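Reading through the structure tokens given below for one structure.
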Amino acid sequence: MSGKLYGLLGRTLGHSWSAPIHKSLGCENYRLIELEPERLEDFLRREDVGGLNVTIPYKRDVMQFCDVIDPAAEAIGSVNTLVRRDGRLYGYNTDIDGFLYMLRRAKISLVGKEVVILGSGGASLTAQAAARQEGAREIAVVSRTGPDNYENLPQRHAGAEVLVNTTPVGMWPHVEGQPVDLRLLPNISAVADVVYNPGRTNLLLQAEELDRAEADMPEPSGSGLRRVRYTGGLSMLVHQAKRAEELFFGKTIPDGETENIVTQLWQDQTNLVLVGMPGCGKTTVGRALAQLSGKPFVDLDEEIVRRAGRPIPYTFQAEGEEAFRGLEARVLAEVCAQSGQVVATGGGAVLRAENRAAMRRTGRVYFLGRALDRLPREGRPLSQKGNLTEMYRERLPLYQAAMDVPVQNDAAAEESAAEIWRDFCENSGD
């Protein structure tokens, strides 16, 4: 490995988690290599290249510089792994290994299914090859132009059963995007998004919402529920990296390493977000949870006060609730765009749909419950002037929509923090 260059080759790599993954696999000097197209050829001619992963937009461009292309990569029409051996540059596709691993892990089958693939780049070619290999009944590739495009998708492929997103829509930092509205495809039973940052794109949040809705409906007589399976791209990313490392260094790495790294990355990068009524103990539990987990702690109300330069009751009085909610939404979006934190939200942060989405995209959300007669009112404008029972009745469906797990917080804060941390660790990577 000494003196050889290993890394990820792409154009914009600020979102990438590849370096820590490869370091976990033993490649300590793996780095991110951002290049403009005009520099690509000179870089790939370098004799010190040991092994490279290739991402957007170069998965097809690098093929012309390969001396040897693996038959599987040739058939796919895309290369995402380069290895220099004896002065020759070899091209491989490990994305298909990662893609199939991701599907198996999520229990998504393509056999006999109508599969719609969004995007026509290198990742799309991989998904198409995987769908053919797995025996999909029909494969449609949707792009911005051509016979299958986003405008006519609902008409041409209303029967689609599996949707695969291979575009960067929804990827950090442009997390608000969503390539299609799943409600336009009523037969969808599985969604795979190759984006891994954030952990739950808007597309996956909607798939999850549809799955929850199906789960809550009464089961029709004589038929099973149509549940929606869904997965993000983290396990694909890690597994293709494992396969690339095997090619870089001519060694075998157990598949168990994929799961170990997925778990560790998920724990490191995912936020723990606390929601609940004003005074339910979010800040106290959050501080205990931060100490237990080693993650930094962010109190959303304290951050709002810091930015506004005055206490929240004064903001309410001077500008009104609507102005406060706008400030709260902006601060929450910025906070949740960061990773690996414990975040205690304000009691009304769930009121806006965009806030609930921001929490869930990058976090596992815990709803702290507490008996209403134990909720303090002092310093809380809405609690002071309103009826807590009525407020709770109105907000409960929103807390439930935002949460992953409910936690009753009637005992010591340390006990609730321990319960949350135990759940977080047990569900890492899901």
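Modelled label positions at Val405 and Asp48, each set 7 Å beyond Cα in the direction of Cβ, lie 4.7 nm from each other. Compute a Gaussian network model of the chain, connecting alpha carbons closer than 10 Å, and tell me which residue from Ala127, Ala318, Ala160 fluctuates the most. It is Ala318.
Overall form of segment 38-185: prolate. Here a/c, set by the Cα gyration tensor axes a ≥ b ≥ c, is 1.5 or more, and a/b is the larger of a/b and b/c.
Summary value for the chain: 12 percent relative contact order, contacts being C-alpha pairs under 8 angstrom separated by 6+ residues. Reported to the nearest whole Å, the Cα centre-to-centre distance from segment 253-290 to segment 79-112 is 29.
A 1.4 Å probe, protein heavy atoms only, puts the accessible area of Tyr314 near 140 Å². Need one number: nm distance between label points at Ala19 and Val68, each 7 Å from Cα along Cα→Cβ, rounded to one decimal. Using points 7 Å along Cα→Cβ, the separation is 3.2 nm. For segment 9-134, averaging the sequence separation of C-alpha pairs within contact (under 8 Å, six or more residues apart) and dividing by the residue count gives a relative contact order of 20 percent. Between the Cα long axis of helix 388-402 and the first principal axis of the chain there is an angle of about 10°, rounded to the nearest 10. Note on the chain: lysine pairs with Cα distance below 22 Å, sequence gap of 8 or more or different chains, count 12. Computed over the chain, the per-residue total of -39500 (n - 2.57) for DSSP H runs of n ≥ 4 gives a 222 nm mean residue ellipticity of -12500 deg cm²/dmol, rounded to 500. Remark: the Cα gyration tensor places segment 169-328 in the oblate category, a/c being 1.5 or greater and a/b not exceeding b/c. Computed from the Cβ-Cβ distance with R0 of 25 Å, the FRET efficiency linking His174 to Ala353 stands at 0.85.
Ligands, DNA and RNA are left out, and with a 1.4 angstrom probe the accessible area of the chain is 45 Å² per residue.
The modelled label-to-label distance for the pair Val111/Asn427, using points 7 Å beyond Cα in the direction of Cβ, is 3.0 nm. Accessible area ranking (1.4 Å probe, heavy atoms, ligands and nucleic acids excluded), largest first, for Leu184, Leu265: Leu184, Leu265. Largest first, the residues Thr55, Thr126 sort by 1.4 Å accessible area into Thr55, Thr126. For the residues Gly77, Gly87, Gly309, a GNM of the chain with alpha-carbon springs under 10 Å puts the largest fluctuation on Gly309.
Of all beta bridges that DSSP places with both ends in the chain, some 15 percent have antiparallel geometry. Segment 98-240: percent of C-alpha pairs farther apart than 26 Å? When all Cα pairs of segment 98-240 are counted, 18 percent exceed 26 Å. Relative to the longest principal axis of the Cα atoms of the chain, the long axis of helix 413-426 makes an angle of roughly 20 degrees.
Could you state the angle between the C-alpha long axis of helix 122-134 and the longest principal axis of the C-alpha atoms of the chain, as a value from 0 to 90 degrees rounded to the nearest 10? Tilt relative to the chain: about 80 degrees.
Once you order the gyration tensor axes a ≥ b ≥ c over the Cα atoms, which shape class does segment 2-97 get: rounded for a/c under 1.5, otherwise prolate or oblate by comparing a/b with b/c? Rounded, because the longest to shortest axis ratio a/c is under 1.5.
Taking the charge dipole of the chain about its Cα centre, with +1 at Lys and Arg Cβ atoms and -1 at Asp and Glu Cβ atoms, the residue from Val335, Ala158, Tyr30 reaching farthest to the positive side is Val335.
Taking the accessible area of the chain, probe 1.4 Å, and keeping the other protein chains in place, the carbon and sulfur fraction comes to 48%.
The values are calculated or read from the model by the stated rules, or taken from the named source; none is laboratory data. This one's a predicted model, so the numbers in the text were calculated from it and none came from an experiment. A quick note on method: Cβ atoms are made from the backbone with ideal geometry, for glycine too, and the neighbour counts reach across all protein chains shown. Areas reflect the complete protein model, heavy atoms only, side chains present, ligands, DNA and RNA absent. Shrake-Rupley method; radii C 1.70, N 1.55, O 1.52, S 1.80 Å.
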